Structures are given as C-alpha cells and as structure tokens.
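Here the structure is laid out as structure tokens; the discussion comes afterwards.
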Amino acid sequence: MLGVWPLAGRGDATGGSAECLGVAGEDYIRSVSRALDILEFVANSATGLRLHSVAGGLGLHRQTAYKILKTLVHKGFLEKTPPPGRYKLGPILMALRNRQDRWNREFLLPSVAKAIGVSRMTSADVIVCQYVGGSVVGRFIARGQEPEKSTALYGYRMASYGIALTFLAHLDKPELDDYRASHPFSEEDAEFWKSHELLDAFLHYVRQEGYLALVKGRTFRASAPSFDRSGAVASVLALVRRIDEMGTGDAQKCIDLVRRAAKEVPMDTPGVGGPGSGLTHVE
C-alpha cells in the first residue's frame, strides 16, 4: 500500500523551488549583523586581519569594530595573534568549520551523487538537506527537468513544516517544543495541519515508517533520512514533484528510490548529525 499521508491542502503549486524559503527577511539586530559581517570578513582572510583593516573594509567606526572584535575574541569566535595583532577564526568557529568540512566530505558529496541519480530517474527535483542551528537548510538541488541548473544552495532555509518534518520526526520532545516556539505555524500551515495533535500523529508515522510522503496542494514530496554511525540524522534526501507531472505508480517509485538512495549514503563517520540535536534513529 502506498504510504502517502492522506491529507489535502492549499499548499504551493510551484514545485521544488517553493520548498526553499530563501534568506532571512528585513528584521534584524544591527549589532548582531555587524558581528556576523566581521566574522565573514575575517573568515575570508587567509592570514587574519588587523583592526584598521576590519574597520575600513566594513565601513565601521574604529571604536565600534574594536568592541565587537574584543567581544568575539572573549567568546572564542575569534582569536587575536601576538603584536602587531591580527584577528583570525577562534577555536569555536574552527571546530564548527572542521565539523562542517567533515559533513561535506562524508555526507554532502555522496548525497549529491545520489540526488542527481534519483533526479535523472524521476525527472523530479531532489534536494540534499541538513539540520543546522535549529533550522533545516538546503545544501544542493538536482533539477530533474533542467539538469544544467542543478546547483549548490547557500543559506537557503527550507519551509518549516514541509520536508523539514523528516528531521522533526527524530527530535526529542524538548527540542521539538523549542522548534515550534521558534517556527510558529503560518496561516497556510495552520489551515493544512489543523492542529499540533495531527502534526504529532504525522511525525510518529514518519519516524515509524522511516520516510516522509506528503501531498500538499499540487505538489508531491518524498524524503528519507541518512544516519551517521552514532544513529544521528546526518542528512535528508528530499524529492519534490508536481502532481500533474506524475503518472500511475510514479509516487511509489519516487518513495522507493529516495529511501534506497538515502540508505546507501555512507555511515562511516560518527557524530556528524545536527549539532546537539538529538536527531537519533530508533528502530
């Protein structure tokens, strides 16, 4: 029997790209934005930067740049070398970079290969997703009907209650509660899911079955997790295709291909799932 969650709603009608929400909106805190600009600026320097270079390069007052740099050093995000004093990435960011590099090497590259393969066999868009900092982001999209437009994704946040549910199904209750608090239902989400109780039932279904299959609006979604050796969800392969482009039996074919591809992603590296996420696999 085809395991597609039996709901209908007024979801998007635009196919795969609608699942990606894009970068953040206009609401932001200026001091945090400046600190992040400094981190990105320093990270792009091979030898580190001095205070005047940071201030001048970002158009900041020297005293403002100094205070932010001092705070970032104190928190371990940057470190300052001996005189003449250059700022470079600190231990916290280096650890995160190393962790991300390892994830890219052990999961992103093989997942991209699987995504391209599934995309070619189904003519659907297939997205490689990662759980980062309490949100689900797309890292690569293989375009089924326009393979030349397949591309890496940088900073693209996935819809909070679409493909992201594959990750949410493996969160423990406190983390799920935190996620809901920081990702409240939109009007469309509330109309589709009706209640958190119905969503909870769906998450239980996804966790038990080991995959997500969902028809929302005129779009079909199928996704499955890949686990690292510690049992954490390391990545998700997600297929998105318009219903009007599918024929009899295509939905089950898509589910089977995505599940098989996700299972074939290597599990050699321990502990590279969502940082502190509790995204664990339960048989």
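FYI, it's all coordinate maths here, none of it is from the lab. Every value quoted in this text rests on a predicted model; they were computed, and no experiment measured them. Here Cβ is always computed from backbone atoms with ideal geometry, including for glycine, and neighbour counts include all displayed protein chains.
Brief remarks on what is shown
- Put simply, the amide H of Arg86, placed in the peptide plane, has neighbours under 5 Å in Thr81, leaving out anything fewer than 5 places away on its chain.
- Around the amide H of Val132, modelled in the peptide plane, lie the amide H atoms of Val137, all under 5 Å away and 5 or more residues distant in sequence or on another chain.
- Only the Cβ atoms of Lys and Arg (+1) and of Asp and Glu (-1) were treated as charged; on that basis the dipole of region 30-94 about its Cα centre amounts to roughly 220 debye.
- Extension gain for Ile29 to Lys263 (0.36 nm times residue separation, less C-alpha to C-alpha distance): 80.1 nm.
- Computed over region 30-94, relative contact order equals 32 percent, with contacts defined as Cα pairs under 8 Å that lie 6+ residues apart.
- Between Leu58 and Lys173, the distance separating the two model label sites (each 7 Å from Cα on the Cα→Cβ line) works out to 4.2 nm.
- Model label points for Arg229 and Arg97, set 7 angstrom from Cα along the Cα-to-Cβ axis, are 2.6 nm apart.
- Region 34-78-region 156-221 distance, computed between alpha-carbon centres (Å): 38 Å
- Applying 1/(1 + (r/R0)^6) with r as the Cβ-Cβ distance of Glu188 and Arg218 and R0 = 22 angstrom yields a FRET efficiency of 0.95.
- Additional length obtainable on full extension of the chain from Glu40 to Arg105, 0.36 nm per residue less Cα span: 21.2 nm
- Seen from Asn44, the other residues with C-beta closer than 12 Å to its C-beta sum to a net charge of -1, counting Lys and Arg as +1 and Asp and Glu as -1.
- Net lengthening on full extension, Gln208/Thr81 (0.36 nm per residue, minus Cα-Cα): 40.6 nm
- Computed packing ranks the peptides 158-165, 114-121 as 158-165, 114-121, most packed first, by mean other Cβ atoms within 10 Å.
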